[in-house]
Each structure stands twice: as structure tokens, then as C-alpha cells.
1. Keeping all protein chains in place, calculate the accessible area per residue for the range C:213-346 (probe 1.4 angstrom), answer in Å².
2. So how exposed is A:Arg148, as accessible area in Å² (1.4 Å probe, rounded to 10)?
3. In what order, largest first, do B:Ile149, B:Ile114 sit by accessible area if the probe radius is 1.4 Å?
4. In terms of the Cα gyration tensor, with a ≥ b ≥ c the square roots of its eigenvalues, is the range A:158-237 rounded because a/c is under 1.5, prolate because a/b exceeds b/c, or oblate?
5. Rounded to the nearest whole Å², what accessible area per residue is found for the range B:106-273 with the 1.4 Å probe?
6. Would you report the distance distribution of C-alpha pairs in chain C as whole percents per 20 angstrom bin, up to the bin with the largest distance?
7. Report the accessible surface area buried between chains A and B, summing both sides, using a 1.4 Å probe on protein heavy atoms only, in Å² rounded to the nearest 100.
8. Given the -39500 (n - 2.57) contribution per DSSP H run of 4+ residues, what per-residue ellipticity at 222 nm results for the protein assembly as shown, rounded to the nearest 500 deg cm²/dmol?
Amino acid sequence: MPREDPLLEISDLRTHFFTREGTVRAVDGVSLTVPRGKTVCVVGESGCGKSVTARSVLGLVDEPGRIVSGEIWWRRRGQEPVNLAQLGPRSEEMRRVRGGEISMVFQEPMASLSPMYTIGDQLVEAIRMHLPLTQEQARERATDLLRRAGIPRAEERLDAYSFQLSGGMCQRVMIAIALAADPALLIADEPTTALDVTTQARIIDLLRDLQAETGMSVLFITHDLGVVAEIADEVVVMYLGTVVERGGVDEIFHDPKHPYTNALLGSIPRMGAGAGRRLATIRGNVPHPSDRPAGCPFHPRCDAAIGGVCDVSDPPHIVFGEARSVRCVLHDDVHRSSAAEVRA
Amino acid sequence: MLTYIGRRCLYMVPTLFAISVVAFAIIQLPPGDFLTSWVTRMESEGEKVDPAMLEGLRERYALGDPFYVQYGKWISGILFHGDFGESFEFGRSVTSLVLDRLPWSIGLTVFALIFTWVVAFPIGLYSAVRQYSIGDYLATTIGFLGLAIPNFMLALAMMYIAYRVFGLSTSGISPLTIGIAIVVLGTAGTAGTIRILRANLLDELKKPYVVAARARGVSERALVVKYPVRMALNPFVSTIGWVLPGLVGGEVIVAQVLNLPTTGPLLFSALRTQDMYLAGSIILIISVLTVIGTLLSDILLAWLDPRVRLGYR
Amino acid sequence: MTTVLLDADTTSSVEAGAETGTKNGRRTAKQWRLVWWKFRQHKLAMVGLVLMFGIYLVALFAEFLAPFGTSTFNSEYTYAPPQRIHVDWGEGLYVHGYTSTIDEETFEPTFEVDESQRIEIGLFVKGEEYELFGLIPWDRHLIGPEDPGQPMYLLGADRNGHDLLSRLIHGTRISMTIGLVGVAMALVLGIILGGVSGYFGGRTDTVIQRIVEFFMSIPGIPLWMGLSAALPHEWGPMQRYFAITVILAVIGWTDMARVVRGRFLSLRNEEFVTSARLDGSGRPRVIYRHMLPSFTSHLIASVTLSIPAMILAETSLSFLGLGLQDPVVSWGVLLQDAQNVRVLSTAPWLMLPGVAVIVAVLALNFVGDGLRDAADPYKR
């Protein structure tokens, strides 16, 4: 049974940064899809290009970065699909998408709110930007949004400034702003990284509840596999600007195909399991994106790397199903046999 | 907010005290006591000095007493009677002399400040938003030149052009002279202000809250005007703090070159003739006014910034 | 700590000099080398650097480069206009002489270039004797009239018939060094007070910050004027020169102190400082061996940026007649002659020292700006 067209479909996206020292290929051929009403988590270590991917969707990549090639198809129900990669970052159409159809929540909630204006000012601005409401109606909606984001005494908070609130409260405000115009997709770029652990859990709960309530899709960027296990429907594992594995959350956690996914899972500390043993780590460091290894980008750190294959040719893209794929030679029969020949 | 203002005013007290001590020290600096040298000069010009009057003066300025007694007498005269002493050169009270000229000085300074802002704001904004454009480079170049050209050179050059090209004489009060003075004074601060505004704006434009606002669909123009400019306005207001002392100093020189009736040339002539009570008082008055100006800018700044207003910083 | 990993292709494209080492297939470079690489990319700064070197060379070899000494004058040639150098391929360089007519009402001479007179000039000619660097007695000048008695005013003459070019060259020395000496003094004051303030923090910091704010809030120029007017008249040129530098330094140290304090405050919590302290290094050692070297480049940048301010201050003071005085020659002293429009319209070339000031200040500002940008090579 063919799935319904996904809400967001990124295919072969390349976003490069042209610095004086050379080109940094931060995102280098990323393909992923976000189905309607689902939560997709993008995981990977810092610097793997997950944030840049998210920002590319809304044309928010800073100079000297640029989308070089690839497509970002945005399919609203009942409307023609739009290729967001083709829209100018300053175009009218992109501005309508931003905040109206796709919203974004960022890593640093405190810094994401201007200290010069009240919470209410910024919330009302976002509402009236996309909905034809009067000042009073917008203010009413703002109060309602704050309440839905779990902020007590919402009415009073409208007149507060960001520096008067805690980080968790600020993130709730950011989520309220993101919901201002009932978007179809919410992109959350590591929204809990800067918060303390208990607050993290509450924000995750809030996002999950809101998603269930509104039926919107969520693209969740994180490096925290615990969070992934909690909220994801589908998981995209990224390494050095490429997607190495995609799959449902159960498939990723119980049947990881890529050695990198495997290693990531192995490095989660588990209570009780193997007490007294050293925690498994992935050896080496993530190479600088301008200095990526030839062949499979993961081969210098991979325990299963095959000399003469992994360090020479790009790994094949093996598709197991609609939303399940891996980019590794180990799952390719042809390559495996040729690799065996090399060894012999 | 009120506590903030109160605290700032309290901070000002030691500064004002230090300024008064420095001003008084300048009065005292020339060797010998000034009365004696004045008497010598008067007598060499063939004028008789009434010994009774001399004694009265000696009493009034507490000459012969230690420094702090003299200072105490001087400062209490200023504080309680508004009496800054007597100018020997002009034979008038320092207060009346300075009051004649002070409005000119203040007016010139205020207009120069306004000129600085009116010119610097749009240029700085443009430079930051269109970074590395031709206009940006042009503004930067003009900024560098503005920093490098001494005030009086610019004044001289403009006078020379006015005289040679337009045949206009520039000396004393005339709209042209005052205009030149304002432009010259204003330009000096403009360069620095443009640089500060540009740097601040560039900083702000990269802040997460700008990206967040862009991500919710705010247009580029509204984005720049509403968020970073509002933020960059603060350092802009605080430029009063550092433009003002330079402006007041520059005014002394420029007014001297253009022969304007401000306190500058008065201070200059007082220093030349060692009319130290006049000189010290002028230094005291313009320094105090500068400090008050800076204080006002700080209060305005605090009022503009909710973080300070609400006592969060 | 002073090395950084660089991407291999960057280094190789710049230059793989002897100071770059290879480690793990990447090259490492010393901090100063990185600063230099970054500085070189700043074109204006490079232009400024060349100009700055040129100006200091002029200051160093002033006696040799100037055709005449500072006090040589010929009152027959007051306000004589600049001459043009002509090249005659057979006989060498020459300029035309003047004929002067005295205005019968004002008694002011007006000059006309007399094409019939030829004054031979040459390179490396014998002229007035002087001592190079105060040590080596010599009498050669880079350029001058073959016959020392003949008038040569390449940039015109002033009110007394001094050669402006010569005085301009000699003035370079005073103008360019007064900034250096003043900044050196300001630097010492700034490092001590700023360092103490930033390292100890707390109440010490508050007190020193108040002092800094005090100095910054008072208008400098009236204060300079007051202080320098109070200098005793009987002081000789050297005492005056020294006093003026002290006055400039007293006002100028605040910027330096602020830079140093800011750096100290941000460095205080860095790991390498903590570890140095935990290693048992004493406070002075932590400050001067560990913290100071890590922001030397920033310090050099702000020093370079404050020299021009001092040059401008000296020029303004001397222009008003409150700074240095003849016979000491600085650009500001020369500009005293250009006080009013009447003089300027007869002898506009008297503004040339001002041009020298502008060029010098611009060059130093460019260098300072480039240094400031390059000071932190790790920052992108």
C-alpha cells in the first residue's frame, strides 16, 4: 500500500558554506521525509549538519552558507507542492511559510526572545503576521496560546520580559509563538539542550501533547537518544552531512543496520546494565566537515570498515522499505562479495 | 528606576569633587601667588593699586593659608553664593563673564550632537545592513578620514574654501561661521558613532532573537528596524557619554579658530594671561556640565532599556 | 596553547615555512604567524604598515633627508611659494629662482618665478653639518642646492623664510615620537591599573573603574590646556616636551586600562589560568607569565590605535600655542603659522603639515584596525 505523499520531502539537499579557508560541505546529500502527523527525529553528533538541514528548510542559512542543490518539497493539503529550496530567502512566499505553515523552535530560548519587547508584543506580532485578527483578538489568542503552552498566570506573563522568566518558561513562550498560526510542521532544533533535566522532560511532554492535540508534524533535531526513544515515530541518523540510516523508531533501536547507529546506541549509559564496565565510546572525533575522509565518511572510526572498499568508494544506498534505508557497504551483497575478493 | 537614578547621582558626587580639586589645582599651578604678579604687572603699567583693596582680596581668597583652606573658601563661595571669583583681566566677576558666553557653548554643543546623530544614524544603519557594499566602503572611508583630520584643520580648510571660492569672510557670529562650527564639530563625533553603530548592529543581526523573528515570518525591513535597531539604540544613546567630552574640547579649539564668542576663546585668553580664576572656573563649569550631560544620557539609556529600568542589571 | 590546527589545504596555499610543523597530517602554526597571515589579508592595513615604516624612516634620517636645518632661514624669502623641480637631462636637476616685488602699501613681498634664473640642485650635496643619530658627524643631504646660499623652497617658505620641507621633515621626529613616548607611559599605567582591577575584581575593581570613569568623563582638551598653560615659561624645550608627553599620557591611559581590564576579566575564568593557579604559581606569575602573553596581540592593536589620538592631541595643543614651542619643531608647531584665513590665502602651502598629520594618523589607524582584526586569529 503506497503511503500518502509526505508533508515534507527533502531530497539530495546540499548546503555548503563558502569560507575563505575553503568550502565546508555542512549538508552533503541529505534525503529525508516527514509524514503527516508524525514526529521525525534527526540524530547525530554536533557538527553533523542536522541544524543546517533544519535551517535550510526555512531558508535561514546564514552567510556564507547557501543551498547548492537538492529539493525541499512542501506539500500542503489541497495545494500545489512548493520547492522551498527554490524560494528566495527574502521572498514574500517564503515569509508566508515561515511561522505560518512551518514554525521553528530554537536551542537558546532566552536569547531567542528580544529583551527589548514584552512576551506579549512578540507573540501578538507573530499572530497578526499570519492571521487577520485585531489587536484585541490577537491578545486573546496570545493568552490562550500561553495557557496551552503550560504557562501559569498567562494574562500577566504577556507583559513580562524574557529576562524575567526562566529558561524553561522562555522555551514555552517560544513554543507558543511557534503555534501562533497553527502550523502544519514544527521544527524543533535541539529545544531542550540548554535546559536542565527536569525542565527538558516537561518540554518534551508538552511537545508530545501539543502534537497529539493539533495533529501537526514535528521535525525534531537532537543528539539525545533518550529523547528520540520518547517522542519519535521515525528516526534519521546523520553523520558528517549525510544520512547514514533511516527507519522507524523500533527498527532503529532494536535492529540498527549501520555501524554508526550501532555505536551510538552502544554509548548510551544504561542503569544496571553491565555495572562496573566502561561505557562504550566511539573512537576518534568527528572530522571537520572541510576535511572529510574519502569513501564512507565514517570509515576511520568504524570497527567494521573494510580496507580498500570503505576508504575508496562511496557507500551504496540500500533501501529496505518505504521509510527504511541505510548507507553502508555491509548490507550490499554485491559489494560484500567483491570485498571478500579483495581480501582473498 | 528611581534607585538607579539615585545611585547614579551619588556616584557623581566624588567625580564632581575630583573635578573641582583639579580645577582649583590648575588655578594654583602657576608659580607665585597670582595677586603679587598682578600687582607687579599693574604697577609696571603705571597704575596704582589701593593697599586696602589688596588686603581685602588677600582676605577673600585666603592667600597665605594652606591649600585646603583656600580650596574650602573657593568652593563654598561657588556652592553657596554662586561666586566664582573675579577676573583680573576683565575686572568683572567670573560669573557674569561666563554667563555671557555659556549659552553659545551649550547651543553649539547640542547642535553638533544633533548633527552627529542625524548624519551617523542612517549611514551606520546602511553600512551594517549592506555590509561590504560600495556605500559601506565609502562610509568607512569617510569615517576614517573624519577620525584622522584634526578639528581645526577642517575648520581652516572650510574657512579657506569659503574665502577663496565664495569670497565670504568667516569670523565672529554669522550663520556661515556657526554652520561651519557645527559641521566641523559634528563630523568629529560622526566617524566614531558610525563605527560603533555599525559594529553593534552587525553583532545584533547575528543574535538568535533576530533569526527567531525571521523564522516566524517577519520581513527583513521590519526585522532590522524593530529588533536590532532598537537594541543598537542603546549604545547610540550612550555615545553622548563619550562624544560629549570630545565635543566640548573640540569646541574650545574650533571656536578659537572661528573666533566665536563661546567659552573656548575666553578660556584660551585667560590661560594666556594667567587669569587663573577665570580659567579654572571655565574648566570647572564645562567639566561639570559634561558630567551632567553624561548622567542624563545614562538615565535616558536606563529608561530605554527595560532590563535596567526593571532593575535586572 | 599557542598552536592551532589548521586545515592542510589552507596552510599549503599560504606558505609552509620552517615554523610550521606537521602533526597527524595537519600543519600547526605559531600564533604570531597566524596573526601575520590574517593581517596580510587586510589590504589597507598593509598600505598603512608601509606608510608607517616610511614615516618613521623619515623621522630617523631627518637630518640627512632635509635640505636645511630647522633654524636656517632667509628673511628675503618670506612666504616664497613652492618651486617645481625641472629635469634637464644634460645638466641634472634645477629650479627657477624668484624675483620679488614689494607691495608699496603693505610692504609685503610678492614673488614671481623667474624663468631666466636657474638654481642647480643635486642629490647627496654638501650642506650644513649635522650629526646623524646624534653620533656620526656628516654634511651630506639627500637633496639641496649645489650652492648652499641659493634659495630652494620645494614646499614654499613660511613667515620667516624657513624652508617648509626641511621643517616638515624635522617635525616628523617630534610628532611621531611624542605619540610613542606618551603611549608607552599610558601603557605602563594602563597595564598596572587595568591588570590589578581585572585580576582582583571586587572592591579594587570598583575603585579603579571609578577613577577611569572620572578621567573619561571630563573633557580632555580644556584640561590639557590648563595643565600645559601652567607649565613654567622658563622650562627648556626638552623639559616641555617631556611634560607634554606626561600630560598626554595622564589623559590617555584610560582606554588602555579598560582594554586590559576587560581581557583580564574574561581570562580569569579560563581553564589555563585556573590550572596555572592550581600549579602553585604566584599571582604576579599568573598575571605576567600566563595571562598577559595571551592578549599581547590585542594590546599591540590598542596601542597602535591610541598613538594617532596622541599625535592629534599634540598637534591641537601646539597649534593653539600651548604645547611645544619654537625652536622645537613639530607638525603642530608648524601649523601655528596657519592660524587665520588671511595667511592661508597668501600661503596655502602652510597647511601641508596638516596633510602630514592626516596621512600619519590614517596610516596608524589602518594598521591598528588590521591588527585588531588579526589579533584573534582563532576567531572566524
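The values are calculated or read from the model by the stated rules, or taken from the named source; none is laboratory data. Here the structure is a predicted model, which means the values were calculated and not measured. FYI the Cβ positions are ideal-geometry reconstructions off the backbone, even for glycines, and counts take in every protein chain you see. When the accessible area is computed, the model is the full protein with side chains, heavy atoms only, and any ligands, DNA or RNA have been set aside. Shrake-Rupley method; radii C 1.70, N 1.55, O 1.52, S 1.80 Å.
1. Value for the range C:213-346: 40 Å² per residue.
2. The value for A:Arg148 is about 70 Å².
3. Sorted descending by solvent-accessible area, the residues read B:Ile114, B:Ile149.
4. oblate
5. 38 Å²
6. 23, 45, 26, 6, 0
7. For chain A against chain B, roughly 2400 Å² becomes buried.
8. So the helix-based figure for the protein assembly as shown works out to -17500 deg cm²/dmol.
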